[in-house]
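A short write-up of the structure that comes next.
The values are calculated or read from the model by the stated rules, or taken from the named source; none is laboratory data. Owing to the predicted nature of the structure, the values given are computational and were not obtained by experimental measurement. No Cβ is skipped: glycine too gets one built from the backbone with ideal geometry, and neighbour counts run over all protein chains shown. To get the accessible areas, we keep the full protein, side chains included, count just its heavy atoms, and leave off ligands, DNA and RNA. Shrake-Rupley method; radii C 1.70, N 1.55, O 1.52, S 1.80 Å.
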Amino acid sequence: YPTAHTLHLMAKEPHEHTDDLPKPAKPSRLGGLIHPLRASVIGMVRDPMRLLLLLAVNAALVGGVVGTAIIRHNYKPPPKPVTLDAALKALDAGKKAEARRMAEKLAANENLSTDDWGGPDLIVGALTAQASEELTDRPRVESFKLAALYLERAKDRGFPAGREAAGLYLLGKCLMEAGRIDSARVVLEKALPINADHKAEIRTLLIDAWLNVYPPELKKALAESERLLADDGLAALNRQQALVQHADILMRLDRPQECGAILDQVTDKGLLHGEAALLRGRILLAEGRALKASANRTKATDELVREKILAAVETIRNAKGPNPAIRNVARQAMYIGALCFLAIDEKATALAQMERILKDDPEVPEGLATLFLQAEVSRGMGRHAEAVKAYRHLLKSYGKIEEFHNPWINVPQMRAAVLGAINEYVAAEKYETAILLSQSLVPLIPKEAAFQKTAEIYKTWGERILTQAESLPTDRGEALRKQGRAELRQAGDAYRTVAQAAFTSRKYPDHLWNSAMAYFAGHDFKRTIEALQAYMHEDARGRHAQALVYLGESQLSLGATENALLSFTLCIEQHPRDLAVYRARLLASTAAVARGDLPQAEKFLLDNLNGEQLTPASKEWRESLFALGELLHAAGRYPEAIVRLDEALNRYPKAAQATDARYLLADGARRRALALRDGLGKEISSAIRAERAVEVHQLLIESLAAYESLQETLGRRDERDMTEREKALLRNARFAIGETYLDLERYPEALRAYQSAANHYAAGPEALDAYVRIANVYRRMDKPAEARTSLEQARLALRRIPANAPFEATTNYNRKQWGDLLDRLCSL
């Protein structure tokens, strides 16, 4: 492009000579650069696409430069890989957070070698154990449990090289602190010979383990304690602690004088003051108890006992440890104090002391021992509600503990005390209390045994109530019988629970049988059937014959007559030599009667009576004889019935069936007499008629005597003591006496008998029947006026009888029917 100077020259005349023109100056290097740049700028301004392209390129260059600068500024070299050795060094250096972080990374590393596999768990376990040291009471124990779990896994996977000794020591310590003493003892015994750095502490822990197992290994603990004290390298403080521990062992070995001598060597008055004071208090308590148990006690001895015990109380009262929450010095002092108050018979003070202990934490060793002591003392004082509450709390707390280790009480002691208390309550007929306590037995004894104990108590309770009901009046006795059967049904439920708990054991069928028998005695026949069917499925030959009999009897009680008869028949056919067959036949006869098959019923009974094995001394023979007499009477075979009933009464005059038999004998004689009298008219021979008439009269006289004897026997009893069956028999006998006198045509005696019945049942529907019968006698005597008067008395009596009176239960008519009948009779 032309410059401005060139343009100026070009504007002059064209004819001027160019030689006269000045020569242009030589361009400089800067000008050489500026001119093209200026041209480029002008070109880009004129061409926007070139401008945008240039800007984009420049932006990319600037961005690259800046990004590179930032990357170089923030660049860090890649981290070194985490190793177990580095993590263990961080643990040893006290870098807890770093050690834990590294352990977690190692645990998540899928390429971790098997040699290092237990390392992360060792580190986390060690860190958890360190944190546990800062806690108290239950959180401390739970934290040590967690640490022990990590360390156990580390041990199973293999401790890192060179860490086995330290790992075993730490694991043993954590197990001890977690209360897993059985496991701790095994670990500590392995750790002791390979652990030079912690030998004294391991021995101390091992001694504690020997002391707290059951039964305590006192001789082993004493030997280990002597080895510990023989260590010349033992630090001064550790030696003082070992002396206190040694004194405790001697005290447990009942060597109080030696214990006191060792305590005299304890010079530490700070950290160990509380434990030493507790031991001195226990020495004084032991001395006081020994004096109290001496054979030649005097008043002076009693005073000395009290002096010793009060000195023990004063000694332990100020026992304080550096950390009572961990060492339990305060709780131990309170517990020993309660023992002291009991030793001088201040039970109320002792119980108050126990309450203070339980407010703290009832699930620590001293708390559990206090619950046991509280239960025993309360039971001895007759405060049974408090005793049961304490026992149940104790057992509930015991059930939560994985390993029970308690220096004051042990499991056999608790088991004996609780079972003894249950048996004591049962003997005293405090069944509800015994059951309440037995329902808490599961953690103390196996589940099957605990449930069985509850079932046995219910069974004993139910049977006792039924026994009591036998000697009570009918109304009260029936109420008791209902209660007794209810308790027996509870026993059935409990035995069924026992069976479920013992499903895989050989005793399972026996528990099913016990359940069935309890249900049967409790009249729960549906569950009886279920239990018996389950039993027969499990035990085909055990008590199969008896099971069929009880099954059939239950089915009969539920009205399933056909099923019952089938069960009885199976028993008879499948077990012909079993003694259960005789009861099966007896009950089968009842089922056959219910079906209306009297010949079959009679055959069952005759098979019992005519068999070779059954004798009259047996229950089944006796009941079969009475049943046969009743069956023959029901069949109208009165002569045969009279023979059987007479035989039964002669053999068994005091049997339960005797009352019924006497009534049936009297009724059978009267019915036989009436049947013979009805047939007199058909007899041609006068001699035979005369003979039969004498027989009729004799039978009526015998019947009358039997009725009057029955009335006299039952009439002497209080009706409140009689069963409904006995009341019905007495009522029937009173009316039957009148009927028999009427049959004998002894009308005045008949009138007296009916009038006595009317007076006796004046407020009941039976009076109506008596008045109608009196009217009938008067008609026989040809006295219509007196007959009408009797019927009017009946109408008056009807008005007096309550509306809710059981008309149809004691007579043949309801109230309306009686009204209609009396109106009709009065109109005749």
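Just a few scattered comments:
- For region 473-621, the fraction of C-alpha pairs more than 21 angstrom apart is 50%.
- With R₀ set to 25 Å, the beta-carbon distance separating T810 from A785 gives a calculated FRET efficiency near 0.30.
- With only Cα atoms counted, region 334-455 has Rg and Dmax values of 14.0, 41 Å.
- Within the shell of other residues whose beta carbon sits under 15 angstrom from the beta carbon of L222, the net charge comes to -1, with Lys and Arg scored +1 and Asp and Glu -1.
- Charge dipole (Cα centre; +1 on Lys/Arg Cβ, -1 on Asp/Glu Cβ; no other charges) of region 274-366 amounts to roughly 200 debye.
- A protection proxy built from the mean count of other Cβ atoms within 10 Å ranks the segments 673-682, 391-400, 427-436, most packed first, as 391-400, 427-436, 673-682.
- Counting only aspartates and glutamates at least 8 places from K453 when in the same chain, those with an alpha carbon closer than 17 Å to its own are E424, E429, E432, E463, E487, D493, D510.
- For region 109-180, alpha-carbon Rg and Dmax in angstrom: 12.2, 40
- Hits among lysines - C-alpha to C-alpha of K396 under 16 Å, sequence gap 8 or more where chains match: K447
- Annotation for K89 and T615: the two label points, set 7 Å from Cα along the Cα-Cβ direction, are 10.0 nm apart.
- Between region 354-384 and region 209-237, the alpha-carbon center distance in angstrom: 31
- Of the accessible area of region 311-428, computed with a 1.4 Å probe over protein heavy atoms only, carbon and sulfur atoms account for 51 percent.
- Solvent-accessible area of L151 with every protein chain in place, 1.4 Å probe, in Å² to the nearest 10: 0
- For T723, solvent-accessible area (1.4 Å; no DNA, RNA or ligand), Å²: 60
- Estimated inter-spin distance, T713 and Y214, nm [label 7 Å along Cα→Cβ]: 6.1
- Of the peptides 230-241, 366-377, 137-148, the ranking by mean beta-carbon count within 10 Å, highest at the top, reads 366-377, 137-148, 230-241.
- Among V643, L556, T659 the positive-end extreme of the charge dipole of region 556-663 (Cβ point charges): T659
- Within-11-Å neighbourhood charge of L437 [Cβ basis; K, R +1; D, E -1]: +3
- Net charge dipole size for the chain [Lys, Arg +1 and Asp, Glu -1 on Cβ; Debye, nearest 20]: 1420
- Loop-located GluC sites (Glu not before Pro) in region 568-632 (DSSP state not H, G, I, E or B) with no more than 16 neighbouring Cβ atoms inside 10 Å: E612.
- The convex hull around the C-alpha trace of region 411-464, projected and averaged over every direction, spans 3.2 square nanometres.
- Computed from label points 7 Å out along Cα-Cβ, the spacing between A693 and E792 is 4.0 nm.
- Positive-pole candidate from A531, A763, T128, dipole of the chain, charges at beta carbon: T128
- Relative contact order %, the chain, counting alpha carbon pairs below 8 Å whose residues are six or more apart: 4
- Derived value for the chain: Kirkwood hydrodynamic radius 38.8 Å. Basis is the mean of 1/r over every pair of different alpha-carbon atoms.
- Difference of contour (0.36 nm per residue) and Cα-Cα distance, Q600 to Q468: 43.7 nm
- Placing +1 on the Cβ of every Lys and Arg and -1 on the Cβ of every Asp and Glu, with no other charges, gives region 679-828 a dipole of roughly 540 debye about its Cα centre.
- Using a Förster distance of 22 Å, the FRET efficiency for L304-E346 (Cβ separation, nearest 0.05): 0.85
- Computed as a quarter of the hull surface, the mean projected area of the alpha carbon convex hull for region 148-286 stands at 8.8 nm².
- For the residue pairs K430/K526; K89/K199; K89/K155; K459/K526; K308/K389, alpha carbon separations beyond 28 Å are given by K430/K526; K308/K389.
- Using the Cβ-Cβ distance between D137 and E538 with R0 set to 45 Å, the FRET efficiency from 1/(1 + (r/R0)^6) comes to roughly 0.35.
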